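Report on the structure given below.
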Number of protein chains: 2
Amino acid sequence: MTYQKVTPELVAQLTEIIGSKYVIHDDMEKMIPYSHDEIFEAGYTTMPEVVVKPRTAKEISLIMQLAVQEKVPVTPRGAGSGLSGGAVPLYGGILLSLERMNSILEIDMGNLMVVVEPGVITNELNRSLAAEGLFYAGYPLSLENCFIGGNVAENAGGARAIKYGVTGRYVHGLEVVLPDGRIMELGGKRLKDVTGYDLLQLLVGSEGTLGIFTRITLGVLPLPPASAVLLAPFPDVESAVRAAPRMMIESGIVPAAIELIDRRSMELCCRFRNEKVPNMEQAGSYLLIEVDGTTEEVEQNYNTLADLCLEGGALDVYVANTPATREKFWKLRAAIGEALKAYCGENAAEDIVVPPASIPALLAEAESLSNQYGLESVCFGHLGDGNLHIHLLKKDENMAPEKFRQAIHAVLKKLYTRARQLGGTLSGEHGIGHKRKKYLPYVLGKTELDLMQGIKTVFDPNNILNPGKIIGPDPE
Amino acid sequence: MTYQKVTPELVAQLTEIIGSKYVIHDDMEKMIPYSHDEIFEAGYTTMPEVVVKPRTAKEISLIMQLAVQEKVPVTPRGAGSGLSGGAVPLYGGILLSLERMNSILEIDMGNLMVVVEPGVITNELNRSLAAEGLFYAGYPLSLENCFIGGNVAENAGGARAIKYGVTGRYVHGLEVVLPDGRIMELGGKRLKDVTGYDLLQLLVGSEGTLGIFTRITLGVLPLPPASAVLLAPFPDVESAVRAAPRMMIESGIVPAAIELIDRRSMELCCRFRNEKVPNMEQAGSYLLIEVDGTTEEVEQNYNTLADLCLEGGALDVYVANTPATREKFWKLRAAIGEALKAYCGENAAEDIVVPPASIPALLAEAESLSNQYGLESVCFGHLGDGNLHIHLLKKDENMAPEKFRQAIHAVLKKLYTRARQLGGTLSGEHGIGHKRKKYLPYVLGKTELDLMQGIKTVFDPNNILNPGKIIGPDPE
């Protein structure tokens, strides 16, 4: 695949479509923010040749037609808060930012649906919905920065998947611009639909490689009036992992979240935020459990779950049932990534999923492999759905960058292989993008990869849209 | 596309693969049950040339390789309880029944997952799970007869989609035999997975046209300890439709089911079962609402919802909170289809979905079109998710069959067009199969159909697997 460079003529044509104010071409400083996402490691940055900021599906359609004609690749971009390089313009070309398409078009109370543009910040939607007694449950923990469009492109997940699922569960309608510029409407305000193959869910999580979303219909839920958070220290990871499914089966309660934080993550996070949590001396891990519902439900349910935590071996249980105390616990959890970055500037943030009961086996392997290669592994994440963020840190801060990268590569190859043996895979919510593309053969077979390539070719025979992500050839 | 006939040589080869006991060839009587599904109308029956009953994925793989080589079509079949002709061998050829692959392979309490073969009867799974305090929530109302494999192939839905979603939400792993005989493993015991395109959910609902499922991993939930059912008569359909989202927003409660039964359906069903329900004189429609959870939750929630029903205009509210009374209400609901069949032997059972708030507009159109063509329309179904079963009955029982079919075709073309205008589509849970294939262009655009055809060709370039369903050419 050979792409053409962006020429002054192409820039002029793009300018004609969307206006000069929304085309960035010769200003390197203004283009730098569009050259990377939030990946922790170095080496995932590529400059676009031109940045365009269209406002409508029609404009995007014209841009795609032009790109196909001129053989110039197009990389769509939401907020750039991704963690797998999906929005990075790997081949240069046109970077297409959805930032101006940021309207909440409709809040439909009669159907419990909203219609939004892709550039709406996820938590802005939830703030608007709260006023109506509603909420959008599919959000990831980056909700203050990320865009809904990016959430859909990545099929973003978060801490509440065990009860509420992830983004895809709530996507019922999409307006999509296809790689050749055709505009297609899929689905609508309907909760069930078996009208042919599920193109809608195929596009969800396609990481901007099959189409560009220009309008999104999402299901919303009545806002639960109350919630409470439990923090339960356990002597080790294993007892916490075993306690979780048992407490659900015995109580019949599905919590809104069951988060696991290992001792080292908690320690580094408390140090970073200058806070304390109880039982730091004895605890090998912590569970953070949220329940939500009506006020009565919540009170009954957190009492039931607290008892079951203790029966399951928890050292103690702390209840947060006011907004301030709930927020304190969640802020700790949400700050772990930042704390790890502060502790060790460059580190590998992983996103492995395994069957929840296999988490102890995976963590044992991560620790052993890390030791072998001079690294330290810490772990936190979504126990309820088996999706853990293992971070690989330098043990010796003077480890040379090249040696660090080699060590990470060596550990990941073995860790992904182990995850697959355990019935898991390499990404639960961060996606493949460019970062994990080369590791796909460690968890997927040739048949799956061939079918994925076949689907990509059906949607994008010219390989114009977001090339180098998920599948297909790499840049030379 | 020209297919070859099943030859004695092919029968011999099939017999060699699976044994003579599991190949039916010359016995018409034994083949008849495999020639149709449960469609209400006449004319959807085609005889297979041979019926095979394999026991393993390996056997199915060999059968598919043979079929491709010999250019003989293969139609996979579960319980045959479908309502769109998906399991009918439209081109003759090989009918592949999954009935012998009926084992529950594993109930995994530590991961809240089960692994089953496709021929397990859906409610048998739930009976096994109940003993462990678990349940599978994706089941349709035909749960006593249907197979899990068919549920996955159709992405079957049921009455509880508003809270629990449909089949696809619970499918986390599939072993699939592809049309060319390759065996592929997708997903596993994991609740999140964004490792490339979502082939798993593409196969869910593909109606046996992309692959044959041979092992299925399903998520299960803790069994709610309690439930209750409310029956609320409303003066008309419109007030019932308006009350439903309001009561959810005001209470923060998502019921397990919100079913709508129009006056005429209720009347015919009561007559059929020789039962009575209150308020038949004044009621224009009934809501059947189920809540589930812990005992305390259920009691609070049904009281809250009963009050909100009355505020929303219900004529009265009747609570069923014992197993016997709950079952009475649900049995009434579940018997409507049968009651309509008894009343009018041949009728068109439709499965339209619209945004819930548009249900009154759709029903008004159905009534007006039916009158125009000498038909009667009755309606019941899943209000919570906008998926309604409109049945078109003969008004005059002496109406000639050919005239009846023409009238149905005329009404459906206009009704589907109206459903699309309202933001809806033509099937929520019954699927396309052969029955609705010709109507797809009324609700889908050319772009979507072209992409679906492209995907079919990627999976099945020889068009060997279940041809004539969803897309592709029809038999001459």
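The values are calculated or read from the model by the stated rules, or taken from the named source; none is laboratory data. Predicted, not measured: the structure shown is a model, and the values here were computed from it. All Cβ positions, even for glycine, are placed from backbone atoms using ideal geometry, and neighbour counts span all protein chains on display. Protein only, heavy atoms only, side chains kept; ligands, DNA and RNA dropped before computing areas. Shrake-Rupley method; radii C 1.70, N 1.55, O 1.52, S 1.80 Å.
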Restricted to region A:412-450 and to residues being hydrophobic (A, V, I, L, M, F, W, C) and in contact with a Phe, Trp or Tyr (Cβ under 7 Å, 6 or more places away or on another chain), the residue farthest from the other protein chains (Cβ to nearest Cβ) is A:Leu412
(message) Looking at region A:274-285, can you tell me whether even one residue there is open to solvent by less than 60 Å² (accessible area, probe 1.4 Å) and closer than 24 Å to A:Tyr139 by Cα?
(response) no
Given the condition facing chain A (nearest Cβ under 8 Å), open to solvent by 10 Å² or more (accessible area, probe 1.4 Å) and not aromatic (Phe, Trp, Tyr), answer yes or no: does some residue in region B:119-128 qualify?
no
Test A:Leu362 against the criterion of being in a helix (DSSP H, G or I), in contact with a strand residue (DSSP E or B) (Cβ under 9 Å, 6 or more places away or on another chain) and crowded, with 20+ Cβ neighbours inside 10 Å, and give yes or no.
-> yes
When B:Gly149 is run through (1) part of a loop (DSSP other than H, G, I, E, B); (2) away from every other protein chain (no Cβ under 14 Å); (3) more than 17 Å from B:Ala334 (Cβ to Cβ), the failure sits at (1)
Contact list, first residue from region A:17-28 and in contact (Cβ under 8 Å) with a residue 40 or more places away in the chain and open to solvent by less than 60 Å² (accessible area, probe 1.4 Å), second anywhere and part of a helix (DSSP H, G or I) and aliphatic (A, V, I, L, M), beta-carbon distance below 7 Å, six or more apart or interchain, is A:Ile17/A:Leu62; A:Ile17/A:Ile63
_If I filter region B:152-170 for residues that are of a type in the set (Asp, Glu) and either in contact with a strand residue (DSSP E or B) (Cβ under 7 Å, 6 or more places away or on another chain) or assigned to a helix (DSSP H, G or I) (or both), do I get at least one hit?_
yes
Within region A:302-314, restricting to residues that are open to solvent by 10 Å² or more (accessible area, probe 1.4 Å) and either within 17 Å of B:Thr294 (Cα to Cα) or within 11 Å of chain B (Cβ to nearest Cβ) (or both), the one that is nearest to the chain's Cα centre (by Cα) is A:Tyr302
Note on region A:244-267: residues modelled with pLDDT of 95 or more, part of a helix (DSSP H, G or I) and open to solvent by less than 10 Å² (accessible area, probe 1.4 Å) are A:Ser265, A:Met266
Here the residues within region A:117-146 that are part of a loop (DSSP other than H, G, I, E, B) and under 25 Å from A:Phe380 (Cβ atoms) are A:Tyr136, A:Ala137, A:Gly138, A:Tyr139, A:Pro140, A:Leu141, A:Ser142, A:Leu143, A:Glu144, A:Asn145, A:Cys146
Scanning region B:413-439 for residues that are over 24 Å from B:Pro140 (Cα atoms) and among the aliphatic types (A, V, I, L, M), the one surrounded by the fewest Cβ atoms within 10 Å (Cβ to Cβ) turns out to be B:Leu422
Of the residues in region B:333-349 that are part of a loop (DSSP other than H, G, I, E, B) and touching a Leu at 6+ places or on another chain (Cβ under 7 Å), the one that is farthest from B:Ala244 (Cα to Cα) is B:Cys344
Out of (1) more than 7 Å from chain B (Cβ to nearest Cβ); (2) under 21 Å from the mean Cα position of the chain (by Cα); (3) crowded, with 24+ Cβ neighbours inside 10 Å, the one A:Val177 does not meet is (2)
Scanning region A:449-473 for residues that are part of a helix (DSSP H, G or I) and buried (at least 19 other Cβ atoms within 10 Å of the Cβ) gives A:Leu451, A:Met452, A:Ile455, A:Lys456, A:Phe459
Going through region A:219-237 in order, the residues found to be modelled with pLDDT of 95 or more, within 26 Å of the chain's Cα centre (by Cα) and not hydrophobic (A, V, I, L, M, F, W, C) are A:Gly219, A:Ser227
Within region A:370-406, the residues that are in a helix (DSSP H, G or I), open to solvent by less than 10 Å² (accessible area, probe 1.4 Å) and farther than 30 Å from A:Pro255 by Cβ are A:Ser370, A:Phe404
Selection from region B:200-219 of residues open to solvent by 10 Å² or more (accessible area, probe 1.4 Å) and farther than 21 Å from A:Asp193 by Cβ yields B:Arg215, B:Thr217
